[in-house]
1. Taking a point 7 angstrom from the Cα of residue A:104 along the C-beta vector, which residues in region A:157-182 have backbone N less than 13 Å away?
2. Among A:296, A:182, A:48, flag the residue with its Cα farthest along the positive direction of the charge dipole of chain A, charges on Cβ as +1 for Lys/Arg and -1 for Asp/Glu.
3. Could you grab the relative contact order for chain B? Cα pairs under 8 Å, six or more apart, rounded to a whole percent.
4. Would you please state which residues of region A:19-36 a label at residue A:48 would reach in this model, taking the label point 7 Å out along Cα→Cβ and a backbone N cut-off of under 14 Å?
5. Enter the mean projected area of the convex hull around the alpha-carbon atoms of region B:3-252, in nm², rounded to one decimal.
6. Pull out a ≥ b ≥ c, the square roots of the eigenvalues of the alpha-carbon gyration tensor of region A:185-237, then state rounded if a/c is under 1.5, prolate if not and a/b is larger than b/c, and oblate in the remaining case.
7. Pairing the Cα long axis of helix B:113-123 with the longest principal axis of chain B, what angle in degrees results, from 0 to 90 and rounded to the nearest 10?
8. How big is the charge dipole of region B:3-252 about its Cα centre, in debye rounded to the nearest 20, if each Lys and Arg gets +1 on its Cβ and each Asp and Glu gets -1 on its Cβ?
Amino acid sequence: MNTHAPRWAFALLVGAGVAMFAAALFVGSVPLGVGDVWRALWQPDGSAVDTVVRQLRLPRALTAFAVGGLLALSGALLQALLRNPLADPYVLGISGGAAVAALVAMAAGASLAVVQGASIAGAFAALGLLFVLARRALFRSEALHAEQATAGLLLIGVMIAALAAAGLSLLLALAPDGQLRSMMFWLVGDLGGATEHGAAGLALALLAVLTGLAVAQARALDLLVRGDVQAATQGVDVPRVRRRLVLVAALATGTAVTLAGAVGFVGFAAPHVVRLLLGNEQRVLLPASALAGGTLVLMADTAARTVVAPLQLPVGVLTALLGAPLFLWLLVRR
Amino acid sequence: MSCVLRVQGVDLAVAQRVLVRGLDVTIGAGERWVILGPNGAGKSTLLATLAGVRSPQAGIVLLDGHALDALPVLELAERRALVIDRWTDPFAARVLDTVLTARFRFGGRDPDARQRALDSLRALDVLHLQQQDVRSLSRGERQRVAIATAAAQDTPLLLLDEPIAHQDPRHQAWVIDWLRAGLPENRGRTVVASLHDMNAAARLATHALLLDGRGGWEAGPAQQVLTATRLSRLFATPVAAVEVGGATRFVAAG
């Protein structure tokens, strides 16, 4: 309710992000000191510590943050676009398409790179299907008709997701036992494969670009939240803004899912946590959600690879396990 | 007086039901038009059409001489505001922030925004609610916030769908008086409003448009159009004109 986005709350988010990032480098099955990490980062000498920090923890931490940020950005956008607090990054079926394609590749025994490629292709296929089926909501300029079209967009997305879910069940039923475990990990969301600096950097850059694109439409989105007619009469080109932001959300979801599988909960809850702390002005909400989502996944993943070390849990198990109580506490304390 | 809206041969239909046929009306600057008609006669549909958020089945609407569908959305937003009778508040938001969204057309740098929003809230008697969550307001309060939002858009033409539907008697008069006078700096604003209250209509209108919902319509200066005979026919219920303290009041039977 406080639009003068309390700077301290934003600073708190940044601080939490930095602290979690540091923790992600220090904590693990091999606990490291400040000196170890510092030396590994800036004066590498080829030791085992170097490998742990530079090859394992750093890319994984960067990927975790990017994945969380992308999912939370996508969730915040879709909640506003669909005017539905229950929306999440997976609601339009983009991730469903990605998951089906990725699991098909896994069932065929493909390498991680091929699985990721398939995931991207699947996300775009689902996005294409969405744009064709929901063309009324996305391309027609008559706002009063679009009022019903928003519901149409949501329903079409939910149906694409349902179709993908059926495909996933079929794949799981038919998949050889040997692949079931990795498939389950992928579906729950797992960062075990995040060892690529390049991919992590690319994902972070994409997070920055997509957040920028979304924030550029923040004022239009503030109006769109209040209804299509309201937005249209006050000067917003409703179908164009909706088209752009659906595309931004889909790219964010598709990238996140490709990197880490379908990490749950964070894309739904992070925007709500930010809303409770900072209000619902999109200019603040969108970047703050990305920050909070990134921090949450970073925290969850650090826990995922330490709580039962040397075993590693899929991060998706812990996002909800950590996130749901936090969300409930914020909700109930008021 | 210069013409603001020119409606030429407009047909309106909703779900294959023809509501208005061949509407020809010219609305001049500074005029206050009231649209009256039974439920489902097409009042809201016409207002949406005049605002350019809905296309008519036939005919054309010119705003300041430009065809509505030829004007870019931002330019339309400079010329007219529309107050609809339903609003969507899926998330918590301060009343003041809701009114501030109306400044979208002024772009990112808008030093007057806050003052104009506060002026509008004061003008509609909702200034005391500025820090409240819109979702905590009563329907009447929320409706006045919606009108204040349109006012903050600072347009010469204001279109309103049943602006006093949820108002208590004091605020019915308040809204009508405000529409008659406008904010001091907006004197001479053109108003088109749909109303169900015949007496409020008579107080507000310089001109009236009656829609019967079966395609027929009558338009003209308020004194000629707002008569007991015509209103009785329009609503298919006896309406009498009675003198109360020197003023004429319409009373419907029943």
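None of the figures in this text is laboratory data; all of them are computed from the coordinates on show. Since this is a predicted model, take the numbers as computed values, not measurements. As a convention, Cβ positions derive from the backbone with ideal geometry for all residues, glycine included, and neighbour counts pool all protein chains shown.
1. Within reach of a label on residue A:104, which here means backbone N under 13 Å from a point 7 Å along Cα→Cβ, region A:157-182 contributes A:164, A:167-168, A:171.
2. Projecting each Cα onto the dipole axis, the largest value belongs to A:296.
3. Relative contact order comes out at 25 percent.
4. Within reach of a label on residue A:48: A:29-32.
5. Details: hull surface 55.4 nm².
Mean orientational projected area (region B:3-252, Cα hull): 13.8 nm².
6. Since a/c reaches 1.5 but b/c is at least a/b, the shape of region A:185-237 is classed as oblate.
7. Its long axis makes an angle of about 40 degrees.
8. Values: 29 positive and 26 negative charges, 37 e Å.
Computed charge dipole of region B:3-252: roughly 180 debye.
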